[in-house]
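The values are calculated or read from the model by the stated rules, or taken from the named source; none is laboratory data. Because the structure is predicted, anything quoted here is derived from the model rather than measured. Positions of Cβ are backbone-derived with ideal geometry, glycine not excepted, and every protein chain shown enters the neighbour counts. To get the accessible areas, we keep the full protein, side chains included, count just its heavy atoms, and leave off ligands, DNA and RNA. Shrake-Rupley method; radii C 1.70, N 1.55, O 1.52, S 1.80 Å.
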Amino acid sequence: MELHAETQRILRSLGVASADRPDGLAVRSPIDGSRIGAVAADDAASISLKIDGAQRAFLHWRATPAPKRGELVRLLGEQVRAHKANLGRLVSIETGKIFQEGLGEVQEVIDICDFAVGLSRQLHGLTIASERPGHRMMESWHPLGPAAVITAFNFPVAVWAWNAALALVCGDVVLWKPSEKTPLTALAMQALLERACIAHQSGAEKINQLVVGSAEQARPLLDHPQVRLVSATGSTRMGRAVAAQLAPRFVRTILELGGNNAAVVAPSADLALAERAIVFAAVGTAGQRCTTLRRLLVARSIYEPLLQRLRALFQRVTVGSPLDEGTLVGPLIDGAAFQSMQQALTRARADAAWICGGERLLQERYPDAYYVRPALVAMQRQSEIVLEETFAPILYAMPYDTLEEAVAMHNAARHGLSSSIFTNDLREAELFLSAAGSDCGIANVNIGTSGAEIGGAFGGEKESGGGRESGSDAWKSYMRRATNTINYSRDLPLAQGIRFELD
């Protein structure tokens, strides 16, 4: 089916009445470059109205009991379950990731909704021993306020859900600014949430406001005094700009930025397992994940044989339409991504022993799309281009002699998101996970850098931003903590034994 017609059919099935305005912001599929819809962009006036609406909704929503808030998220999860196949296909059409990955992303939405429902009955604080007799001290957690969630093109529904599901059960409301490259999936999720709100019967329809348009449309969200949290996903450059704009207001931030992720392959590694994990982490989503594997550090004794096996796999991996059965690598998001990849490979040639792949494919069939062969680059040293993140399927491979050398090379990157070691040596694994090992927010043993589960907190260190989303205790970012002390005695002893006598 022609992509425009299929896209509009899917949108209607998900509850989006119209997403093809003649005067709207055009949306193109990276599959073939064709126009699949057009959406109305917000202006300053409409954004202001949405922020005001969000604040009014917050005053109502924060007073709703947390388990009742969790019930709304449960209803959202049921809506997504019922439409998983269509929503997954829409994700593939709009982002270019293969259909299996589209389905996986939708499953992440379902999973985080399930997580948040349970969380809605566990927003508890601590009871703390007081040094004063007849006193009780405790901490309590309260809703923070309207939260701006700015998402990137590569995970157009999952990252919103990581934030929104937690924010909603915590009593916050959400202002969502999706990437201008993927607004249709945002419209679909908004429609499913509105259905859940109607079923919830709580008058909560304004708890998620959608702001559509270019990056400029995010600026009013950053400046508005009623926005108390900004969760932004994107490049490190974007994160710097967002942080600088928010600093004067001391707004809480969750910044999920770039990643120049590395894997260490030790001499004891199970190479058959390692090579499968390496290929998926390096070429999945056409290398357009913040957790994509970009640097491979291999023990010198196994460097040559492993690279030859990887070279054969990179040449065989199926590149094509992400909607076709058997495709493993879809297209890059656009021509700018292709140019960035080619520029990086040009720079790498100065230090490369050899480069396999990287060329454009399927140009005759898809002249307006950008399919590439994933590139494997054997590097003589960890040069400057290796230490830069290129958002494309390029894997730089380098040998090492000792594990200490490998860890030093690993930690030399400015980013600190995800990392892996492949080893069957317990001491090597524990060293890599220790304070003296990987400096990343995610460190794995015998799995790749890509494919985090929602149960653990997701995020990185250094230029990867430092925020945490999704599982574990990431919910605390969406609430404000209060320390409470209650005196149930008839005396007034002061802390630290201070004496202050008025008579």
Please give the FRET efficiency for A45 paired with A244, using the beta carbon to beta carbon distance and R0 = 22 Å, rounded to the nearest 0.05. 0.25
Could you pull the accessible area for D111 with a 1.4 Å probe, rounded to 10 Å²? 60
Under the 7 Å Cα-to-Cβ spin-label approximation, L273 and E461 lie apart by a distance in nanometres of 2.5
Could you give the length gained by full extension between H142 and E78, i.e. 0.36 nm per residue of separation minus their alpha carbon distance, to one decimal place? 20.3 nm
Order the following by accessible area, largest value first: L210, L502. Probe radius 1.4 Å; ligands, DNA and RNA are ignored. L502, L210
Mind pulling the angle between the C-alpha long axis of helix 335-348 and the longest principal axis of the chain? Nearest 10 degrees, somewhere in 0 to 90. 60
Provide the solvent-accessible area of H142, counting protein heavy atoms only and rolling a 1.4 Å probe, rounded to the nearest 10 Å². 60
On the accessible surface of the chain, probed at 1.4 Å with all protein chains in place, carbon and sulfur together account for a percent value of 52
Longest principal axis of the chain (C-alpha) makes with the long axis of helix 44-61 (C-alpha) an angle, in degrees to the nearest 10, of 50
Expected 222 nm ellipticity per residue - DSSP helices of 4 or more, -39500 (n - 2.57), all of the chain, to 500: -12000 deg cm²/dmol
Amide hydrogen neighbours beyond the local backbone of I98, cut-off 5 Å, H modeled: T285, G330
Normalised per residue, the volume inside the convex hull of the alpha-carbon atoms of the chain in Å³ amounts to 173
Please give the Cα centre distance for the stretch 246-264 versus the stretch 400-476, rounded to the nearest Å. 16
Expressed in nm to one decimal, what extension gain is obtained for the pair E364 and S340 from 0.36 nm per residue of sequence separation less their Cα-Cα distance? 6.5 nm
Counting only protein heavy atoms and leaving out ligands, DNA and RNA, the solvent-accessible surface of T185 at a 1.4 Å probe, in Å² to the nearest 10, equals 0
Just to check I understand the Karplus step: with θ = phi - 60° and J = 6.51 cos²θ - 1.76 cosθ + 1.60, what whole-Hz values come out for the stretch 404-415, glycine and proline as x? 4, 5, 4, 5, 4, 4, 4, 7, 6, 6, 6, 8
List every residue whose amide H lies under 5 Å from the amide H of L361, counting only residues 5 or more places away in sequence or on a different chain, with H placed 1.01 Å from N in the peptide plane. Y371, V372, R373
Label point distance in nm, E216-S130, each placed 7 Å from Cα along Cα→Cβ: 5.6
Treat each spin label as a single point 7 Å out from the Cα along the C-beta direction, and report the R480 to D52 distance in nm. 2.3
Protein chains only, probe 1.4 Å: how do E304, E428 rank by accessible area, largest first? E304, E428
In order over the stretch 134-141: 3J(HN,Hα) from phi, Karplus 6.51/-1.76/1.60, θ = phi - 60°, whole Hz, x for each Gly or Pro, gives x, 10, 10, 10, 8, 10, 10, 10
Extension length gain for E404 and R21 (0.36 nm per residue less Cα distance), in nm, is 132.1 nm
Compute the helix-to-body angle for 236-246: its Cα long axis versus the longest principal axis of the chain, expressed 0 to 90° and rounded to tens. 20
Descending accessible area (1.4 Å probe), largest on the left, turns Y396, Y370 into Y370, Y396
Taking θ as phi - 60°, what are the ³J(HN,Hα) couplings along the stretch 289-296 by the Karplus curve (6.51, -1.76, 1.60), each to the nearest whole Hz, with x for Gly and Pro? 10, 5, 9, 4, 6, 10, 10, 10
